[in-house]
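The values are calculated or read from the model by the stated rules, or taken from the named source; none is laboratory data. The model shown is predicted, which means the values in this text are computed figures rather than measured ones. We place every Cβ from the backbone using ideal geometry, glycine too, and count neighbours over all the protein chains shown.
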Amino acid sequence: MRDALLRLTGVLAVAGAVVAASGSRSGGLHPANPEAPPAGRTGGFGEPTCTECHIGNDVNAFGGRVRIEGVGDRYAPGESHVLTVVMDADETVLAGFQLSARFQSGEEVGQPAGTLRSVDDRTGVIRSETGQPYAQHTPAGTAVATSYGSSWTVEWTAPAAEKVVFHVVATSGNGDNSPLGDLVFASSRQAHPEANHHPTPENPVAAFSPPRRPLDWIPSLLRKANLRPAPDTR
């Protein structure tokens with residue numbers, strides 16, 4: 001049912017694209033990319049999505065979705081987080097995704113935030129010409145365990161500070177080796193750094209935890225402040 005509806009809308013879209021392209025350039029249609037998408041297709045910061053190649057339907061059509069699990073509204077600065085990209089879409093034969101992590105605030109807005117790393121043969125990390133990294137599927141990562149969608153796991157090491165925005169896009173393919181009948185889903189997620197409550201060595205008072213016995217903590221505190229207690233003249 002899905003393929004029939006999507007193919008009808010896709011044929012109409014192709015017809016329109018061919019007519020539009022005929023006056024400007026030969027070809028006019030981009031092939032789909034089952035092995036790996038080109039860089040910069042997450043829909044974030046002015047980027048296009050995979051609808052440039054998988055044509056005929058709007059983003060997030062037919063009730064499917066893509067989401068990011070493994071990080072909430074807050075992240076632990078400098079620590080590694082296991083992120084899972086989950087796509088829900090009926091009648092999926094092949095699937096793919098692309099994920100980016102960029103600063104949403106500060107002086108480096110739009111620049112890479114943290115480090116993305118592959119953890120298995122289903123994912124890889126590429127860089128655009130500007131150096132922006134993207135985690136995405138590999139040929140092995142297009143296989144699906146069920147027809148209801150797919151998922152991929154990557155590791156993200158968070159930056160030291162600033163708000164981060166993740167952009168992700170995923171494609172549900174029907175496996176017919178054409179740009180028609182596929183669905184594209186996109187979403188984003190923001191995360192703020194957790195407040196840092198760790199004491200710093202520069203602050204001896206904050207770094208010091210008094211012992212239980214009263215007054216015994218005073219010499220220790222003075223030593224941390226590079227001071228010496230007055231000699232006991234008793």
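Summary of values
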| read-out | value |
| --- | --- |
| Candidates SER172, SER128, SER147 - the one that is in contact (Cβ under 8 Å) with a residue 60 or more places away in the chain, farther than 18 Å from GLY46 by Cβ and either of a type in the set (Gly, Ala, Ser) or crowded, with 24+ Cβ neighbours inside 10 Å (or both) | SER172 |
| Options GLY63, GLY78: the member that is at pLDDT below 95 and more than 11 Å from the chain's Cα centre (by Cα) | GLY63 |
| Test: residue in region 189-209 that is surrounded by 13 or more Cβ atoms within 10 Å (Cβ to Cβ), in contact with a Gly (Cβ under 6 Å, 6 or more places away or on another chain), modelled with pLDDT of 85 or more and in a strand (DSSP E or B) | no |
| Unique residue being buried (at least 22 other Cβ atoms within 10 Å of the Cβ) and either over 18 Å from HIS167 (Cα atoms) or of a type in the set (A, V, I, L, M) (or both) when the list is ALA113, ALA140 | ALA113 |
| Residue selected from region 114-154 under the condition of a type in the set (A, V, I, L, M) and not in a strand (DSSP E or B), by the criterion modelled with the lowest pLDDT | ALA145 |
| LEU8 being modelled with pLDDT under 55, part of a loop (DSSP other than H, G, I, E, B) and either crowded, with 16+ Cβ neighbours inside 10 Å or of a type outside the set (D, E, K, R) (or both) | no |
| In region 34-72, the residues that are of a type in the set (S, T, N, Q), farther than 13 Å from SER187 by Cβ and assigned to a loop (DSSP other than H, G, I, E, B) | ASN57 |
